[in-house]
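What follows is a short report on a single structure.
What follows is calculated from the coordinates using simple rules that are stated; it is not laboratory data. As the structure is a computational prediction, the values presented were derived from the model and not from experiment. For neighbour counting, all protein chains shown are included, and Cβ atoms are generated from backbone atoms with ideal geometry for every residue, glycine included.
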């Protein structure tokens, strides 16, 4: 499928590729979200029974979202699945919040795992070159989303009502997507709830992959030249990361264009930090789109709360940028310098979410 798509895109001009590719991938993504919602509702009794055996309390929801991202290697898919399960009344508000937060925590760790495996299997690059970008992304993500998860969870009962009113207004716009419903219902009835659910998950991966394929056609060298000169200005770099990831909904693209610059030393670590912080916020935009597309006011409210608290935490970090970047750099250097510490660190990335998922079962 990908090779055929690549051949088709090659025959089109660059501008047409972007217009056709972006439009097509967005339509496919929105259709897939609606199919996922329809199939999840139809399969709710079975899915409810399955997830009730895995989610015993809120902590296990966080662990499942975190580990689920490891299994699927895609936090956006886990977040979309969480929203569809919530829309089908399988998850509670607090469990949805923690599963979406867990998907963000897990996504950052996946990059570390990939870099580590690449070093162990190929050894084409030095240890630092293999894991430095992934480790920095992880530290930045967790330095924001760990406190955001705790604070957001505590504030959830207090602020959810206010965000839900906003979510109700935003969800009205999703009615235009009702035109997909006859097709999604027909597919679900034809295949059955469970096969339709599996198909929807597969199409969700496919729609995201199509978008990434389209973005691969962009002249990234030109983007690098235009973006690089702004990295010395903290807030501008943050804005570029936020807007770039928000528009493309692809962290792989927004971070991918700067990886060569960082690995070759053209961009310093303290210049890259605000850009990554912006990208970490922008990556929640596609989750917000899923919540709106599912016409779930409560789901929109949960994502908005997470986005709002994360924005506040990020702004605070940028206001205290010198101190913040120094702490991140010190931890980063320590993990890269001591292999034993790094191994323990990687083990903790598996043991912590596993404990969150398993301990409630053992204690209960």
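The ranking of 166, 289 from fewest to most other beta carbons within 10 Å of each one's beta carbon is 166, 289.
In what sequence do 154, 300 fall when counting other Cβ within 10 Å, fewest first? Before the final figure, lay out each step's value.
Numbers: 154 9, 300 28.
Fewest-to-most Cβ neighbours within 10 Å comes out as 154, 300.
Can you put 235, 170, 66 in order, fewest other beta carbons within 10 Å first?
Working: 235 13, 170 16, 66 28.
In order of increasing Cβ crowding within 10 Å: 235, 170, 66.
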